[in-house]
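The block underneath contains the structure these notes are about, expressed in structure tokens.
Please treat every number below as a calculation from the coordinates, not as lab data. The structure presented is a predicted model; accordingly, all values stated were derived computationally and were not measured. Because the Cβ atoms are built from the backbone with ideal geometry, glycine has one as well, and the counts that use them run over all protein chains shown.
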Amino acid sequence: MTEEVTYPLPTVHLNGTGKKMLLEGNTRILGAINDVEEAIQSCEFHSRDYYVQDIDAMPYTLSSYSLALEERQKHLKALADMKEYFLNHVEHLISQ
């Protein structure tokens with residue numbers, strides 16, 4: 001794990017879900033997150049697509065692009081946090 005987590009992680013035991021199934025499920029989620037990250041990286045995101053809708057009504061400024069970029073970064077951070085959450089699960093399960 002990259003850092004100490006503050007939430008419970010699964011424990012493999014006789015009456016619970018098997019280690020193989022837990023690892024497969026969490027690894028599959030990580031793969032899907034990687035696919036989403038790849039799709040985001042390949043999606044064009046450029047200021048020229050936002051300047052025509054600038055909020056301050058001044059042509060060719062970057063107000064709208066700045067807001068759009070801030071919003072995109074917020075979601076990329078959430079995706080990175082989600083990836084870390086499931087990576088922590090996988091690493092914890094492997095160590096058991």
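Placing +1 on each Lys and Arg Cβ and -1 on each Asp and Glu Cβ, with no other charges, gives the chain a dipole about its Cα centre of roughly 400 debye. Computing Rg and the Kirkwood Rh from the Cα coordinates of the chain gives a ratio, Rg/Rh, of 1.21.
Measuring r between the beta carbons of Tyr51 and Gln96 and using R0 = 41 Å, the FRET efficiency lands at 0.20.
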